[in-house]
Structure formats: C-alpha cells, structure tokens
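Below is one structure, written out as structure tokens, with a few remarks after it.
Each value in this text was obtained by applying a stated rule to the coordinates, not by laboratory testing. The structure presented is a predicted model; accordingly, all values stated were derived computationally and were not measured. So basically every Cβ, Gly included, is an ideal-geometry build from the backbone, and we count neighbours across all protein chains shown.
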Amino acid sequence: MPEKFQKRYSAEILPQLLNSVEDPVPRVQSHACAALTNFMEGYKSTLNDEQIKVICQKLLNLVQNGISLVKENAVTALATVVEQVKEAFNPYYKETTNILLTALANHQTKEYKQFRGQVIEAITIMSAAVSDAMFMEVADQVVHSMLAIQTQQLEAKDQQRIYLLSAWQRICLIMKGQFAKYLP
C-alpha cells in the first residue's frame, strides 16, 4: 500500500517534505526529516541527479547546522535516501562521507553520543549502497574513525556500541578479505 501512495503522490509530497526540512522551527525540521525517512523506505521510483543533489544538500546543511535532534533525524534520512538510490549517489559519496567524518570528530561530548552512533550507521549504510570503488577511496578514513571511537571513547554502557557492532558487520561484508589488514 505505501508503494502506491509513494508512486502516485511523490511529485507532490517530496517537494513539500523538502520545503519543511528548511522550516525555521527545529521541531518541524526534525519531523520533516523523519517523514522523509518514512517516505523513502521502500521507495520504488527513481530520483534524478538534481533531486539527489538537492536532498543531500538540504540534509547535510541540517547535519552541520541543526540542533542535536535535527542532526539525528537528518543523518538518518540521508542514509535512507542513499540506500534507495544506491550507485546514483556515487558523485556525492566522498564529499558527504568527509562531512560526516568531520561531524564525528567535532561532536565528542556525551550529549552527541546518539548522533555519533547514527552517523556511524549512516556512513556504513551509504558505503554499502555505493560502488565498491567509491567506498575503497575512503575506507581507511572510515575504519580509522570507527576504531578511534571504539578504542578511545566508549564507556561501559555506551549507546554507540550497538551502532558500531552493526557498522563493523556492514564494513566486513563490503570489504570481505580486504578487511584483514585492519585486524591487528
């Protein structure tokens, strides 16, 4: 049933969601990102390059400039969009990953642990969606960022731990035997 709704109304709904993402009220931005996530799950239509570019720019702006809750919902929406468009995201992957890795480095305090976990999740979901060649260009940066969090920043009961476990699984599935160099 949702697929019929998406197919029939995407021309009207998607622009409205993207307009709401830019609303000046953070709660509206956050809900718009969550609605975009829900809308894109199982999305069967294709997005053109311009749509992908606009969606990414708007969501990355929120990741960089929004409040914590907005950042969290924006990064999840971004991962969901990339998961649907797969290799069509290749032209934006490297820059997006660098922005997300910078966000990991810049948000070290406890109140951002949930956001950091979601960034880790988003990076690895996006990495699984794009071509292997695209991922391999940033693989060292991604793995080293995850290792730094795991070895230096985790507390005993840290919510980032669950995100890391799933992320390591995704990375291993992408890299296969090439992951062995990181085992030491």
- [ ] Show which lysines lie in cross-link reach of Lys44 when reach means a straight Cα distance below 24 angstrom and same-chain residues fewer than eight apart are skipped.
- [x] Lys4, Lys7, Lys53, Lys58, Lys86
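Neighbouring Cβ atoms within 10 Å as the yardstick, rank Val138, Val130 fewest first.
Fewest to most other Cβ atoms nearby, the residues stand as Val138, Val130.
Rounded, prolate or oblate: pick one for segment 77-184, where a ≥ b ≥ c are the square roots of the eigenvalues of its C-alpha gyration tensor, a/c under 1.5 means rounded, and failing that, prolate if a/b is larger than b/c, else oblate.
In terms of gyration-tensor shape, oblate.
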Task: Contour excess over end-to-end distance, with Cα ends at Gln178 and Ala11 and 0.36 nm allotted per residue - done: 55.9 nm
TODO: Report the label-to-label distance for Asn19 and Thr102 in nanometres (one decimal), using points 7 Å from each Cα along the Cα→Cβ vector.
DONE: 3.0 nm
Task: 14 Å beta-carbon shell around Asn61, net charge (K/R +1, D/E -1) - done: 0
Task: Part-to-part distance (alpha-carbon centres) for segment 78-104 and segment 105-184, which is given in Å - done: 14 Å
Open item on the list: Give the aspartates and glutamates reachable from Lys176 as a straight Cα distance under 13 Å; neighbours fewer than 8 places away on the same chain don't count.
Closed with: Asp132
TODO: Working from Cα positions, state the angle (0 to 90°, nearest 10) between the long axis of helix 68-85 and the longest principal axis of the chain.
DONE: 80 degrees
- [ ] Percent of Cα-Cα pairs per 5 Å bin, from 0 to the last occupied bin, for segment 2-182, please list those.
- [x] 1, 8, 18, 20, 20, 15, 10, 5, 2, 0
TODO: For Lys157, go through the lysines and keep the ones whose alpha-carbon is under 21 Å away, minus same-chain ones fewer than eight residues off.
DONE: Lys110, Lys113
Open item on the list: For a quick check, take a GNM of the chain with Cα springs below 10 Å and name the residue from Leu173, Leu59, Leu104 with the largest mean-square fluctuation.
Closed with: Leu173
TODO: Based on other C-beta atoms within 10 Å, arrange Tyr112, Tyr182 from fewest to most.
DONE: Tyr182, Tyr112
